[in-house]
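Chemist: Provided herewith is a single structure, encoded as structure tokens, for subsequent inquiry.
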Amino acid sequence: MNLSIVDLIVIAVYFLVVILIGFFSYKLSSRHKNKKTEFLLAGRQLTLPLFVATLVATWYGLILGVGEFVYSQGVVDWVCMGLPYYCAATLFGVFIAGKVRKSTAETIPEQVSMRYGPVAGRIASILVLIITIPAAYILMLGVLLQMITGMGLPLCIILGTLSSVLYLFTGGFRADVTTNALQFFLMYIGFGVLLIFAILKYGSISTMAAALPESHLSFMGGNSWQVIVTWFIISLQTFIDPSFHQRSAAAKTPTVAKKGILISVLFWILFDFLTITSGLYARVHLKIDPIMAFPALGEQILPVFWKGVFVVSLLATVMSTLNSYSFISGMTIGNDIISKIFKKQRTTEYYTRIGLGIASVIGIFMAILLPSAVQLIYKTASIAVPGLLIPLLTSFSKERILSRVAAICIMVASSLLSGIWTLLSAFTIIPGVFQVYLLSIEPMIPGIVLSAVLFGIFAVYNRVGNTKVV
């Protein structure tokens, strides 16, 4: 992008303010008596505004991918990547969020371990880690910084990661939350400005819609109903999303967790309106690489200063997710894995900081060495959903529905099936019609089907009293 000195100053000020806020939060965290709860969950004192801001900001890390989807296929993006997640988030808010807050567990592996034992907890740690290693977001931030500075991608990846995670080492989850609050406002300001200038330059939304290809206004987008149903199934990952669980556990009260998620859904609807409409303006008026829909539109229509503000909104959208998933990865590696291996006891902060460093290094190396494979690696998060979904949800039930052995069997078998399915469909190991068949089915689906079947078998077996639940 062609950025003026004013735009670059705006971007520099953003980085400076984020880093200062992140490190300043350390002073707030140092006042709390329970150091572990403070470092991991901000003392379980998130108010409703902070809860909403951090949750909303965390969910939009792949913002360039959203622009690509809208540019290429139109409003079906809302049907695939909006509506299913609103439904899933609403269900989570109504039925799960309050239970997460009432639980004494501070992480998903701890919750699983409390109900199904330490072996199940360790398996859950591995599955959570698959979801949260932030390589895809590290790569996207690196690409944005390269677009701004013109420096080499590896250097941009390293600098971007450092600027996003350094303050987490001192401020912990509170640093994540406070920076997310700033990034939340910047997201809406930037895309609001982009849409306003698009309307001023190109005409009303109705005029733009009249110029779109007919397929871009179709809610099906030329896809079959099976594809749409598949996206609803994929949205089930919301129920095991660590950022949802972490923020629900950190809420001041169960009511804050429930209300916060429902309010967040309204903000996601608003942000989707801003991004989808902007992406459609890009489709009508620009001939570009679809993944550059938002940056190219901003380059084309925004004046000095506002262009810098919009670039900051792109950075904020990616960095908010990168912050959160880096910290969750650090918690998982340090608190749920390393601390269980070494018998010499250290503080939770110590182990989490080690985990955060390891997660950052892994993410950087993946983004630098395997940029073409990062999307594939990111998609393998579908491996974790079948394994965690049922055991995690049943762990909040007062009734002991599954035995420890049953929970472990479900976690291992269903995740293994989805993992094998992912590998077979990703590489040309099986030729011909079988390859086409594999590619047509989301790897998450066979895993979830197997998980549901095993759950039915084990639940019935336990209920009729043929086995003792332990």
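The values are calculated or read from the model by the stated rules, or taken from the named source; none is laboratory data. The structure displayed is predicted, hence computed values, not measured ones. No Cβ is skipped: glycine too gets one built from the backbone with ideal geometry, and neighbour counts run over all protein chains shown. Heads up: the accessible areas ignore ligands, DNA and RNA and are worked out on the full protein's heavy atoms, side chains in. Shrake-Rupley method; radii C 1.70, N 1.55, O 1.52, S 1.80 Å.
Chemist: With each pseudo-label sitting 7 Å past Cα toward Cβ, what's the Phe23-Val453 distance in nm, one decimal?
Modeler: 5.7 nm
Chemist: Something else about it: Kindly provide the chymotrypsin sites (Phe, Trp or Tyr not before Pro) of the range 337-372 that DSSP labels as loop, not H, G, I, E or B, and whose Cβ sees at most 15 other Cβ atoms within 10 Å.
Modeler: For chymotrypsin sites (Phe, Trp or Tyr not before Pro) across the range 337-372 that sit outside H, G, I, E and B with at most 15 neighbouring Cβ atoms in 10 Å, the list reads Phe342.
Chemist: If you don't mind, there's one more thing I want to ask. Would you please name the trypsin sites (Lys or Arg not before Pro) within the range 240-322 that are DSSP coil residues with at most 12 other C-beta atoms within 10 Å of their C-beta?
Modeler: Answer by residue number: Lys287.
Chemist: Starting with the highest mean, order 118-125, 267-274, 48-55, 129-136 by the number of other Cβ atoms within 10 Å, averaged over the residues of each peptide.
Modeler: Taking the mean over residues of other Cβ atoms within 10 Å, the ranking is 129-136, 48-55, 118-125, 267-274.
Chemist: Pick out, in residue order, every one of the chymotrypsin sites (Phe, Trp or Tyr not before Pro) in the range 99-188 that is DSSP loop and has at most 12 other C-beta atoms within 10 Å; say none if there are none.
Modeler: Here no loop site has a sparse enough neighbourhood.
Chemist: Distance check, please: which entries in Lys27/Lys258; Lys201/Lys287; Lys27/Lys252 exceed 27 angstrom between their Cα atoms?
Modeler: Lys27/Lys258
Chemist: Contact order normalised by length for the chain, with contacts defined as Cα pairs under 8 Å and 6 or more residues apart; what percent is it?
Modeler: It rounds to 29 percent for the chain.
Chemist: Going from most exposed to least, what order do Asp336, Asp289 have by accessible area with a 1.4 Å probe?
Modeler: Heavy-atom accessible area, descending, gives Asp289, Asp336.
Chemist: Show me, bin by bin at 5 Å from 0, the whole-percent P(r) of the range 281-399 based on Cα pairs.
Modeler: Pair shares across the bins are 2, 9, 11, 13, 15, 15, 12, 8, 6, 5, 3, 1, 0.
Chemist: What distance in nm separates the simple spin-label points at Ile420 and Leu153, each placed 7 Å from Cα in the Cβ direction?
Modeler: The two pseudo-label positions are separated by 3.4 nm.
Chemist: Assuming 0.36 nm per residue, please report the length gained on full extension of the stretch Glu399 to Thr104 beyond their Cα-Cα distance.
Modeler: Once the chain is fully extended between Glu399 and Thr104, it gains 104.5 nm.
Chemist: May I pose another question? Rounded, prolate or oblate, given the Cα gyration tensor of the chain, with a/c below 1.5 counting as rounded?
Modeler: Oblate, since a/c reaches 1.5 and b/c is not below a/b.
Chemist: Let me ask you something else. Carbon and sulfur: what percent of the chain's accessible surface (1.4 Å probe)?
Modeler: 72 percent
Chemist: I'd like to verify something in the chain: which complete DSSP H helices, judged by Cα projection on the helix axis, reach 20 Å or more and average at least 0.0 on the Kyte-Doolittle scale?
Modeler: For the chain, where a helix must reach 20 Å along its axis and average at least 0.0, the hits are 5-29, 118-132, 135-149, 168-202, 254-285, 306-331, 348-369, 404-426, 444-463.
Chemist: How far apart, in nm, are two points set 7 Å out from the Cα along the Cα-to-Cβ line at Ala211 and at Leu266?
Modeler: Each label point lies 7 Å from its Cα, and together they span 3.4 nm.
Chemist: Further, regarding this structure: Over the chain, give the accessible area per residue in Å² for a 1.4 Å probe, as an integer.
Modeler: On a per-residue basis, the chain sits at 41 Å².
Chemist: Report the full-extension gain for the segment Ser224 to Leu48: residue separation times 0.36 nm, less the Cα-Cα distance, to one decimal in nm.
Modeler: 59.4 nm
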